[in-house]
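The values are calculated or read from the model by the stated rules, or taken from the named source; none is laboratory data. Just so it is clear, the model here is predicted, and its values are computed rather than measured. For neighbour counting, all protein chains shown are included, and Cβ atoms are generated from backbone atoms with ideal geometry for every residue, glycine included. These area figures cover heavy atoms from the full protein model, side chains too; ligands, DNA and RNA do not enter into them. Shrake-Rupley method; radii C 1.70, N 1.55, O 1.52, S 1.80 Å.
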Amino acid sequence: MREANKRRLVLRLTLVVVAMFGFGYAMVPLYNVFCDITGLNGKPDNVAVSAAKAGTVDTSRTVTVELLANVNSQLSWEIKPEVSKISIHPGEVTKVSYYASNLADHSVTGQAIPSISPGLAAKHLHKTECFCFNEQVLQAGEKKEMPVVFFIDPKLPNDYSVVTLSYTFFDVGASAQAQTAAAG
(Lines give C-alpha, C1' and ligand atoms only; values in the text may rest on other atoms or scores of the structure.)
Protein backbone atom coordinates (compact mmCIF):
# COMPACT_ATOMS: atom_id res chain seq x y z
CA MET A 1 0.00 0.00 0.00
CA ARG A 2 2.78 2.41 0.91
CA GLU A 3 4.64 1.71 -2.37
CA ALA A 4 1.48 2.50 -4.39
CA ASN A 5 1.15 5.87 -2.59
CA LYS A 6 4.79 6.70 -3.33
CA ARG A 7 4.35 5.84 -7.00
CA ARG A 8 1.24 8.02 -7.26
CA LEU A 9 3.07 10.90 -5.56
CA VAL A 10 6.07 10.58 -7.89
CA LEU A 11 3.74 10.41 -10.91
CA ARG A 12 1.83 13.51 -9.77
CA LEU A 13 5.03 15.46 -9.10
CA THR A 14 6.40 14.44 -12.50
CA LEU A 15 3.20 15.63 -14.17
CA VAL A 16 3.47 18.96 -12.31
CA VAL A 17 7.06 19.42 -13.51
CA VAL A 18 6.10 18.58 -17.11
CA ALA A 19 3.11 20.95 -16.93
CA MET A 20 5.28 23.77 -15.56
CA PHE A 21 7.85 23.23 -18.32
CA GLY A 22 5.10 23.23 -20.95
CA PHE A 23 3.58 26.40 -19.53
CA GLY A 24 6.97 28.14 -19.48
CA TYR A 25 7.65 27.03 -23.05
CA ALA A 26 4.26 28.35 -24.21
CA MET A 27 4.51 31.75 -22.45
CA VAL A 28 6.11 33.70 -25.32
CA PRO A 29 3.68 32.52 -28.02
CA LEU A 30 0.74 33.05 -25.64
CA TYR A 31 1.99 36.56 -24.81
CA ASN A 32 2.33 37.38 -28.51
CA VAL A 33 -1.20 36.18 -29.22
CA PHE A 34 -2.51 38.15 -26.23
CA CYS A 35 -0.75 41.33 -27.46
CA ASP A 36 -2.07 40.84 -31.00
CA ILE A 37 -5.65 40.37 -29.77
CA THR A 38 -5.76 43.15 -27.19
CA GLY A 39 -3.24 45.60 -28.64
CA LEU A 40 -1.71 45.94 -25.19
CA ASN A 41 1.94 46.86 -24.67
CA GLY A 42 2.16 48.50 -28.08
CA LYS A 43 4.21 45.59 -29.31
CA PRO A 44 5.17 46.39 -32.90
CA ASP A 45 6.04 43.94 -35.62
CA ASN A 46 9.83 43.66 -35.85
CA VAL A 47 9.69 43.02 -39.57
CA ALA A 48 11.18 45.75 -41.74
CA VAL A 49 8.51 46.90 -44.15
CA SER A 50 9.35 48.14 -47.61
CA ALA A 51 9.01 51.90 -47.98
CA ALA A 52 7.07 51.21 -51.15
CA LYS A 53 4.27 49.79 -49.00
CA ALA A 54 3.68 53.25 -47.59
CA GLY A 55 1.58 53.88 -50.67
CA THR A 56 -0.04 57.24 -51.05
CA VAL A 57 0.41 60.03 -48.57
CA ASP A 58 -2.75 61.25 -46.86
CA THR A 59 -2.17 65.01 -46.89
CA SER A 60 -5.64 65.69 -45.50
CA ARG A 61 -4.48 64.98 -41.94
CA THR A 62 -1.44 64.94 -39.73
CA VAL A 63 -0.40 62.68 -36.90
CA THR A 64 1.87 63.87 -34.11
CA VAL A 65 4.55 61.32 -33.27
CA GLU A 66 6.07 61.76 -29.82
CA LEU A 67 9.59 60.35 -29.47
CA LEU A 68 10.83 59.04 -26.12
CA ALA A 69 13.88 57.14 -24.90
CA ASN A 70 14.71 55.57 -21.55
CA VAL A 71 17.60 53.50 -20.26
CA ASN A 72 17.43 50.62 -17.86
CA SER A 73 19.16 51.43 -14.56
CA GLN A 74 22.00 48.99 -15.35
CA LEU A 75 22.90 50.68 -18.62
CA SER A 76 25.38 53.53 -18.36
CA TRP A 77 24.17 55.33 -21.48
CA GLU A 78 22.47 58.61 -22.14
CA ILE A 79 19.84 58.48 -24.90
CA LYS A 80 17.77 61.25 -26.42
CA PRO A 81 15.83 61.81 -29.63
CA GLU A 82 16.79 64.74 -31.86
CA VAL A 83 13.26 66.12 -31.41
CA SER A 84 10.60 65.27 -28.86
CA LYS A 85 7.73 65.31 -31.39
CA ILE A 86 7.08 65.68 -35.07
CA SER A 87 3.96 66.06 -37.19
CA ILE A 88 3.72 63.86 -40.26
CA HIS A 89 1.15 62.87 -42.83
CA PRO A 90 0.11 59.20 -42.82
CA GLY A 91 2.03 57.39 -45.58
CA GLU A 92 4.91 59.88 -45.47
CA VAL A 93 8.31 58.20 -44.95
CA THR A 94 10.08 59.98 -42.11
CA LYS A 95 13.60 59.79 -40.70
CA VAL A 96 14.47 60.79 -37.15
CA SER A 97 17.60 60.20 -35.14
CA TYR A 98 18.31 59.26 -31.58
CA TYR A 99 21.64 60.10 -30.00
CA ALA A 100 23.38 57.72 -27.62
CA SER A 101 26.41 58.32 -25.46
CA ASN A 102 28.28 55.69 -23.44
CA LEU A 103 29.09 57.19 -20.04
CA ALA A 104 31.06 54.12 -18.88
CA ASP A 105 34.82 53.66 -19.03
CA HIS A 106 34.42 50.41 -20.98
CA SER A 107 32.61 49.08 -24.05
CA VAL A 108 28.88 48.45 -23.52
CA THR A 109 26.42 46.52 -25.69
CA GLY A 110 22.83 47.75 -25.58
CA GLN A 111 19.57 46.70 -27.16
CA ALA A 112 16.52 48.90 -27.67
CA ILE A 113 13.06 47.51 -27.05
CA PRO A 114 10.39 49.57 -28.83
CA SER A 115 6.93 50.34 -27.54
CA ILE A 116 4.18 52.15 -29.38
CA SER A 117 1.14 53.66 -27.77
CA PRO A 118 -1.73 53.66 -28.00
CA GLY A 119 -1.27 49.92 -28.41
CA LEU A 120 -3.83 49.55 -31.18
CA ALA A 121 -1.83 52.02 -33.31
CA ALA A 122 1.26 49.77 -33.19
CA LYS A 123 0.22 47.80 -36.26
CA HIS A 124 0.08 51.05 -38.27
CA LEU A 125 3.59 52.32 -37.50
CA HIS A 126 6.08 50.58 -39.78
CA LYS A 127 9.83 50.92 -39.35
CA THR A 128 11.96 50.31 -42.44
CA GLU A 129 15.25 51.07 -40.71
CA CYS A 130 15.84 51.05 -36.96
CA PHE A 131 18.68 50.73 -34.51
CA CYS A 132 16.33 48.50 -32.51
CA PHE A 133 16.73 45.71 -35.08
CA ASN A 134 20.26 45.00 -33.80
CA GLU A 135 22.37 45.26 -30.67
CA GLN A 136 24.36 48.49 -30.47
CA VAL A 137 27.95 48.53 -29.21
CA LEU A 138 29.40 51.77 -27.90
CA GLN A 139 33.02 52.05 -26.86
CA ALA A 140 33.98 53.96 -23.69
CA GLY A 141 32.89 57.58 -24.11
CA GLU A 142 31.62 57.01 -27.67
CA LYS A 143 28.68 58.98 -29.01
CA LYS A 144 26.54 57.68 -31.83
CA GLU A 145 23.68 58.84 -34.04
CA MET A 146 21.07 56.11 -34.48
CA PRO A 147 18.46 56.71 -37.22
CA VAL A 148 14.91 55.40 -37.44
CA VAL A 149 13.04 55.47 -40.74
CA PHE A 150 9.31 54.85 -40.48
CA PHE A 151 5.90 55.68 -41.82
CA ILE A 152 2.39 55.53 -40.45
CA ASP A 153 -0.05 53.53 -42.50
CA PRO A 154 -2.77 55.77 -43.98
CA LYS A 155 -5.25 53.17 -42.70
CA LEU A 156 -4.60 54.43 -39.15
CA PRO A 157 -8.06 55.26 -37.82
CA ASN A 158 -8.85 58.97 -37.65
CA ASP A 159 -9.32 58.64 -33.86
CA TYR A 160 -5.53 58.55 -33.49
CA SER A 161 -3.93 61.95 -33.82
CA VAL A 162 -1.01 61.28 -31.45
CA VAL A 163 1.22 58.20 -31.48
CA THR A 164 4.12 57.70 -29.08
CA LEU A 165 7.24 55.81 -30.18
CA SER A 166 9.29 54.92 -27.14
CA TYR A 167 12.50 52.94 -26.74
CA THR A 168 13.90 51.41 -23.58
CA PHE A 169 17.55 50.43 -23.77
CA PHE A 170 18.97 47.47 -21.87
CA ASP A 171 22.55 46.36 -21.25
CA VAL A 172 22.64 43.03 -23.08
CA GLY A 173 26.40 42.65 -22.77
CA ALA A 174 26.20 42.26 -18.98
CA SER A 175 23.59 39.50 -19.24
CA ALA A 176 25.66 37.67 -21.86
CA GLN A 177 28.75 37.93 -19.62
CA ALA A 178 26.77 36.66 -16.63
CA GLN A 179 25.49 33.69 -18.64
CA THR A 180 28.99 32.88 -19.85
CA ALA A 181 30.37 33.09 -16.30
CA ALA A 182 27.57 30.87 -14.97
CA ALA A 183 28.13 28.29 -17.71
CA GLY A 184 31.93 28.27 -17.22
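What number goes with the only condition from (1) free of Cβ contacts under 8 Å to residues at least 40 places away in the same chain; (2) within 15 Å of the chain's Cα centre (by Cα) that residue 114 does not pass?
(1)
Looking only at segment 64-75, how many residues end up being surrounded by fewer than 18 Cβ atoms within 10 Å (Cβ to Cβ) and in contact with a strand residue (DSSP E or B) (Cβ under 9 Å, 6 or more places away or on another chain)?
Of the residues in that region, 6 qualify.
Within segment 100-111, work out how many residues are free of Cβ contacts under 8 Å to residues at least 60 places away in the same chain and either touching a strand residue (DSSP E or B) at 6+ places or on another chain (Cβ under 8 Å) or of a type in the set (A, V, I, L, M) (or both).
4
Inspect all residues belonging to segment 90-107 and state whether any of them is in contact with a Phe, Trp or Tyr (Cβ under 6 Å, 6 or more places away or on another chain), assigned to a strand (DSSP E or B) and open to solvent by 50 Å² or more (accessible area, probe 1.4 Å).
No - not one qualifying residue is present in segment 90-107.
Only one of 97, 87 is out of contact with any Leu (no Cβ under 6 Å at 6 or more places or on another chain) and in contact (Cβ under 8 Å) with a residue 40 or more places away in the chain. Can you tell me which?
Being out of contact with any Leu (no Cβ under 6 Å at 6 or more places or on another chain) and in contact (Cβ under 8 Å) with a residue 40 or more places away in the chain holds for just one of 97, 87, which is 97.
With the structure loaded, tell me whether residue 86 is over 20 Å from the mean Cα position of the chain (by Cα), aliphatic (A, V, I, L, M), open to solvent by less than 50 Å² (accessible area, probe 1.4 Å) and more than 29 Å from residue 33 (Cα to Cα) or whether it fails that test.
So residue 86 passes the test.
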